Amino acid sequence: MRPNIILLKDGTDTSQGKAQIISNINACQAVVDIVKTTLGPRGMDKLIENNGETTITNDGATVMKKLAIVHPAAKILVDIAKAQDNEVGDGTTSVVVLAGELLKEAKSFLEDGLVAPQIIKGYRTACDLAVQKLKDVAVDLQGKSPEEKRSLLLKCAETTLNSKLVADYKTFFATMIVDAVTMLGEDLTVSSIGIKKVSGGSLTDTMLVDGVAFKKTFSYAGFEQQPKSFKDPKILLLNLELELKAEKDNAEVRISDPDQYQSIVDAEWRIIYDKLDLIAGTGANVVLSRLAIGDLATQYFADRGIFCAGRVDAEDLDRTRKATGGEVQTTVTGVTPKVLGTCGEFVEKQVGAERYNLFTKCPHTKTASIIIRGGAPQFMDEAERSLNDALMIVRRAVKNTKVVGGGGSIEMELSRYLREYARTIAGKQQLVINYFARALEVIPMALAQNSGADGTHILNQLRQKHAIAGPEGRWFGVDCVNCTTCDCFANYIWEPFVVKESALTAATEAACLILSVDETVKNPKSEQPQGGGKGKGKGMGKGMPGKGRGRGMRAFRGRG
């Protein structure tokens, strides 16, 4: 009789084989069912409460992140949603739904006895064909006039905002977003656009600042005596502390004469006054610092008609640098006029219940700020997420001018193409590619169902139009407002090519990755928190939790 061979620690949980793949697919399906209803302009929102914090959103990446999923296979869907959000900004729900549908189709193959590598091979072949077809049918607007390009960006922004909580104000926000991205010039870094939130007012009170806007920082006495507006000011940016520091707790100064103490105090004051004199000598009207500006410096600047703000956030200071053309200084010695920034107008004004510092009319501005107004904080948070998605899309569309039709039209066209291709090949791959094509139809089906339409009826109509009409009918998709079909391209439901390409490849890779895992090894003991022993103390009282040699109460003996 052979002895048992033990490879893993006692208590290790192992699951393997076909049953494990199907178990992973079922876990992913549960996640997909949660986010599927958020797809499209008529999608529902999700209210997620986590540690007392309430979030209302229909953004796929935010929902996936807030769900705090612990299943290892389902976490892959969270990762692709985050990757889609970071890469292109939109299509986060689509990529999760598409990956889930591919896994659902693969499940039936696995149950029928087809091995996972065959399915993976077919899916990758189908994905390559779909991406190539996507490139062929995409419409390039490269040679268009500036007005036509602006119109393209507006349509892409509106399509993104269609499915958000701010859809009723999509034209208002789309114009604002395109203007903001246009201000960035060649540098299309998203961090160059600051988004601030001020409660109160309505969404239409949201304003775009052609420069920098940030909330008034903490200030000391004397701040109210400083001027609050300038025309063509000189702006000095510092990463320097301008306040008298308290002595260190353990500082020791030995003196032989009491008069020497006064000379030490005078030296400290002389150092800070020398710094302030050098700053005033530069001719700067506005002084901003990353570190604190104390009460002495605040009053000094007020007496000389200079505005100052300390503890400015690093991102706001960097945006101010880009907008005004100044350079951040770490010392005030040897400051030249070249490092000073300027703008057309500086003003501190009231926005709602807050005071804001605004730097506008900057000659070489490469930044913009959006101040969102609204009622509930949750609503403003969702508005910020919506604007961020639209900003990412417009930024991508500026770099890559290829667009495709939205509303599920491109998925139907790719599905038709793959079905026709599958008929030209033989063997198991024909079935796999055919089912990949069927999985693509989940996007128009979900759009129709979320709009309250008959999904099967809409899907049959779209199949017919795409099969008969040829190239002219390739842009027919779901009209979510009227619950029917329409030519999405003619109705300006456009999406950037990179969104669909990224979603298609990410969903396929995620599905293939989950299908390739046939064993899960988990050691539950390693997940448990480390237990403690007894206290270190040698006393006879009760020992504290921890490691120790104490004998505790049982060692106590009376002497009576």
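Restricting things to alpha carbons, find the Rg to Rh ratio for the stretch 363-406 using the Kirkwood radius for Rh. Result: Rg/Rh = 1.10. Computed over the stretch 443-486, the percent of Cα pairs more than 16 Å apart is 28. Computed over protein heavy atoms with a 1.4 Å probe, the carbon and sulfur contribution to the accessible area of the stretch 374-434 reaches 51%. Taking 7 Å steps out from each Cα toward its Cβ at residue 225 and residue 204 produces label points 4.5 nm apart. Computed over the chain, the percent of Cα pairs more than 46 Å apart is 38. Globularity index of the stretch 194-324 is 1.33 (Cα radius of gyration / 2.2 N^0.38 Å, N = number of residues). When the expected Rg is taken as 2.2 N^0.38 Å, what fraction or multiple of it is the alpha-carbon Rg of the stretch 8-163? In units of the 2.2 N^0.38 Å rule of thumb, it is 1.30. Placing +1 on the Cβ of every Lys and Arg and -1 on the Cβ of every Asp and Glu, with no other charges, gives the chain a dipole of roughly 2280 debye about its Cα centre. Note on the stretch 315-395: Cα convex hull, mean projected area over all directions, 7.3 nm². With the biggest extent put first, the Cα atoms of the stretch 56-139 measure 41, 39, 15 Å across the principal axes. Sorting the segments 252-262, 32-42 by their mean number of nearby beta carbons within 10 angstrom, highest to lowest, gives 32-42, 252-262. Under the simplified labelling scheme, the residue 135-residue 148 pair shows an inter-label distance of 2.4 nm, with each label point 7 Å from Cα along Cα→Cβ. Computed from the Cα positions only, the extents of the stretch 11-89 along the three principal axes stand at 42, 28, 23 Å, in decreasing order. Karplus-based coupling profile of the stretch 296-308, in residue order and whole Hz: 4, 5, 4, 5, 4, 5, 4, 5, 10, x, 10, 8, 9, with θ = phi - 60° in 6.51 cos²θ - 1.76 cosθ + 1.60 and x standing for Gly or Pro. What fraction of the DSSP beta bridges in the chain is antiparallel, stated in percent and rounded to the nearest 5? Percentage antiparallel, nearest 5: 70. Built from the Cα atoms of the stretch 38-79, the convex hull projects on average onto 3.2 nm², one quarter of its surface area. Counting only alpha carbon atoms, the long axis of helix 116-137 and the longest principal axis of the chain meet at about 70°.
Against the chain, whose longest principal axis comes from its Cα atoms, helix 18-35 is set at around 60 degrees. Cα convex hull, the stretch 373-439: 135 Å³ per residue, rounded to a whole number. For the stretch 137-190, the Cα-based Rg and Dmax, in that order, read 12.2, 34 Å. Projecting the Cα positions of 288, 515, 88 onto the charge dipole of the chain (unit charges on Cβ atoms of Lys, Arg, Asp and Glu, taken about the Cα centre) puts 515 furthest along the positive direction.
Pairs of Cα atoms nearer than 8 Å and 6+ residues apart set the relative contact order; for the stretch 5-136 it is 22 percent. Considered as an equivalent ellipsoid built on the Cα gyration tensor, the stretch 349-468 has semi-axes of 46, 20, 12 Å, the largest given first.
Helix 74-87 and the long axis of the chain differ in direction by around 60°, with both axes built from C-alpha atoms.
Along the axis of the charge dipole computed for the chain (Cβ charges of +1 for Lys and Arg, -1 for Asp and Glu, origin at the Cα centre), the listed residues 435, 478, 37 are led at the positive end by 435.
Phi angles across the stretch 223-237 convert, under the Karplus curve 6.51 cos²θ - 1.76 cosθ + 1.60 with θ = phi - 60°, into 3J(HN,Hα) values of 5, 5, 7, 7, x, 10, 8, 9, 9, 6, x, 9, 10, 10, 10 Hz, Gly and Pro given as x. Given 10 Å bins starting at zero, what is the percent of C-alpha pairs of the stretch 101-228 in each, up to the one with the largest pair distance? Bin by bin from 0 Å, the calculated values are 9, 22, 22, 18, 17, 8, 3, 1, 0. Taking 19 Å as the limit for the C-alpha separation, the pairs 18/107; 66/104; 155/500; 75/164 exceed it in the case of 66/104; 75/164.
The values are calculated or read from the model by the stated rules, or taken from the named source; none is laboratory data. Computed from a predicted structure; not experimentally measured. Note that we place each Cβ from the backbone using ideal geometry, even for glycine, and neighbour counts take in every protein chain shown. These area figures cover heavy atoms from the full protein model, side chains too; ligands, DNA and RNA do not enter into them. Shrake-Rupley method; radii C 1.70, N 1.55, O 1.52, S 1.80 Å.
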